[in-house]
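Worksheet for the structure shown next.
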Amino acid sequence: MTMSQANSRATPYGDKQSCRAWFLFLKENWSAQAGDEVSPKQHRKALMRKWETADQDFRNIYVQRANEEDVDLEDLDDYHPDFVPSDFRAKLTSYPCIRVYFDDRDTNKWEKLQLFLKLDDALSPLDEEELPPIVEIRDGFHLEEYAKRFIMEDGNFRLMGRSNTGQPVFFYHIIMLVDEQSFQDGTLLHVDFNRSGDPALSFRYPAIHSYLPWSMHQHEHFDLRRIDQYITERGGLPQTMDLTKPVLSILKDEMELRGIMEEDSNFLQLAHAAVSTLNPRLLSN
């Protein structure tokens with residue numbers, strides 16, 4: 001399955017500020033119904049239903065209070081005790097790389113894609129805290145259903161809230177997908193989502209350039225439109241990569257593309273060292 005590039009949607013992006021009343025309600029009602037017989041997920045979904053089905057006058061009380069009181073929109077860990085750090089759901093806020101295409105014949109290409117995700121702009125190995133989370137979804141993936149299935153179904157309040165009228169609001173975030181096309185041309189699909197949970201903007205970038213958009217979002221808080229504008233203003237990125245070539249050959253092509261002359265640098269030596277560190281088996285592939 002190859003993910004098509006999503007179109008820009010008219011629906012605006014969601015933010016936590018539009019859900020202040022909901023988060024005030026959540027804070028005051030979180031522990032009221034929870035018990036040993038109720039899982040955290042069940043409790044989250046029950047509170048969403050209560051807010052959604054409540055009389056508007058009830059919600060307006062919280063709307064008025066939220067306009068007058070301080071509301072914590074960031075400290076949300078208490079609502080997700082079932083989200084352990086290794087959990088896929090805990091990684092969705094960190095611009096994850098999600099693999100949704102699998103073919104046992106393509107293990108070598110997948111190893112190359114993973115290696116490129118672990119390199120910085122200088123093609124050196126990234127520190128652990130700078131690595132984008134890599135997760136796999138094997139039981140079918142449809143981009144249009146992503147937010148409902150992986151955010152709303154779990155009641156992931158780090159990435160969604162409820163509006164003043166009870167409707168779901170999905171917060172801005174970006175993911176990158178490894179789909180079938182990724183194995184054909186070495187590119188990953190970067191997608192963001194609007195407040196309705198629909199895919200909004202998307203662009204394909206070569207996997208070897210993944211650190212640039214990831215770091216711009218994580219460190220500079222650029223959204224995907226601004227990231228692509230930045231990349232375009234600086235001449236853009238290559239459209240494809242040939243994953244059938246040996247890794248060192250691909251890295252040499254990158255050296256030439258970035259204007260680094262072999263005789264003027266130790267680039268290839270560093271590239272060789274990086275591959276040796278991350279996946280020495282690829283030195284011969």
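The values are calculated or read from the model by the stated rules, or taken from the named source; none is laboratory data. Fair warning: this is a prediction, and the values are worked out from it, not measured in the lab. Positions of Cβ are backbone-derived with ideal geometry, glycine not excepted, and every protein chain shown enters the neighbour counts. Surface accessibility is based on the protein's heavy atoms, side chains included, excluding ligands, DNA and RNA. Shrake-Rupley method; radii C 1.70, N 1.55, O 1.52, S 1.80 Å.
Evaluated against (1) touching a strand residue (DSSP E or B) at 6+ places or on another chain (Cβ under 8 Å); (2) surrounded by fewer than 17 Cβ atoms within 10 Å (Cβ to Cβ); (3) not aliphatic (A, V, I, L, M), HIS221 falls short on exactly one condition, (1). Scanning segment 170-189 for residues being under 18 Å from ASP15 (Cβ atoms) and surrounded by fewer than 21 Cβ atoms within 10 Å (Cβ to Cβ) gives a total of 1.
Checking each residue in segment 55-94 for being charged (D, E, K, R) and within 30 Å of VAL191 (Cβ to Cβ) picks out ASP72, GLU74, ASP75, ASP77, ASP78, ASP82, ASP87, ARG89, LYS91.
Quick check on my filter: what residues within segment 225-250 are farther than 21 Å from GLU180 by Cα and in contact (Cβ under 8 Å) with a residue 12 or more places away in the chain? Before the answer, list the steps.
Going through segment 225-250, the residues farther than 21 Å from GLU180 by Cα turn out to be 225-236, 248-249.
Those that are farther than 21 Å from GLU180 by Cα and in contact (Cβ under 8 Å) with a residue 12 or more places away in the chain: ARG225, ILE227, ASP228, TYR230, ILE231, LEU248.
In segment 112-130, the residues that are touching a residue at least 40 places away in the same chain (Cβ under 8 Å) reach residues that are of a type in the set (Lys, Arg) and part of a loop (DSSP other than H, G, I, E, B) with C-beta atoms within less than 7 angstrom, at least six apart or across chains, in these pairs: PRO125/LYS118; LEU126/LYS118. Kindly indicate whether GLY259 is at pLDDT 80 or above and part of a loop (DSSP other than H, G, I, E, B). Criteria not met by GLY259. For segment 3-46, what are the residues that are open to solvent by 50 Å² or more (accessible area, probe 1.4 Å), over 27 Å from the mean Cα position of the chain (by Cα) and modelled with pLDDT of 90 or more? Once the filter is applied, which keeps residues that are open to solvent by 50 Å² or more (accessible area, probe 1.4 Å), over 27 Å from the mean Cα position of the chain (by Cα) and modelled with pLDDT of 90 or more, segment 3-46 yields only GLU28. Assessment of segment 244-254 against the conditions (modelled with pLDDT of 90 or more and open to solvent by less than 20 Å² (accessible area, probe 1.4 Å)) yields no matching residue.
If only residues of segment 90-119 that are open to solvent by less than 40 Å² (accessible area, probe 1.4 Å) and of a type in the set (D, E, K, R) are counted, the one that is nearest to GLY161 (Cα to Cα) is ARG99. When restricted to residues that are without any contact (Cβ under 8 Å) to a residue 40 or more places away in the chain and either among the acidic types (Asp, Glu) or farther than 20 Å from GLU130 by Cβ (or both), segment 84-109 contains 6. For segment 129-151, state whether one or more residues are in a helix (DSSP H, G or I), among the aliphatic types (A, V, I, L, M) and farther than 26 Å from LYS16 by Cα. Looking for residues that are in a helix (DSSP H, G or I), among the aliphatic types (A, V, I, L, M) and farther than 26 Å from LYS16 by Cα, one finds none in segment 129-151, hence no.
So in segment 50-100, with the set limited to residues that are part of a loop (DSSP other than H, G, I, E, B) and in contact with a Lys or Arg (Cβ under 6 Å, 6 or more places away or on another chain), which one is farthest from LEU26 (Cα to Cα)? It would help to see each step written out before you state the result.
We begin by selecting, within segment 50-100, every residue part of a loop (DSSP other than H, G, I, E, B); these are 54-55, 69-76, 80-87, 95-96, 100.
Checking which are in contact with a Lys or Arg (Cβ under 6 Å, 6 or more places away or on another chain) leaves us with 71, 73, 76, 83.
Working: VAL71: 11, LEU73: 11, LEU76: 10, PHE83: 18 Å.
So the residue we want is PHE83.
Count of segment 131-165 residues, restricted to those that are among the basic types (Lys, Arg) and buried (at least 22 other Cβ atoms within 10 Å of the Cβ), is 1.
Where strands (runs of 3 or more DSSP E) sit wholly within segment 159-224, those with at least 3 residues that are over 30 Å from ILE61 (Cα atoms) and in contact (Cβ under 8 Å) with a residue 60 or more places away in the chain occupy 174-178, 187-193, 199-206. Every condition in (1) in contact (Cβ under 8 Å) with a residue 60 or more places away in the chain; (2) within 25 Å of SER196 (Cβ to Cβ); (3) buried (at least 17 other Cβ atoms within 10 Å of the Cβ) is met by ASN60 except one, and the failing one is (3).
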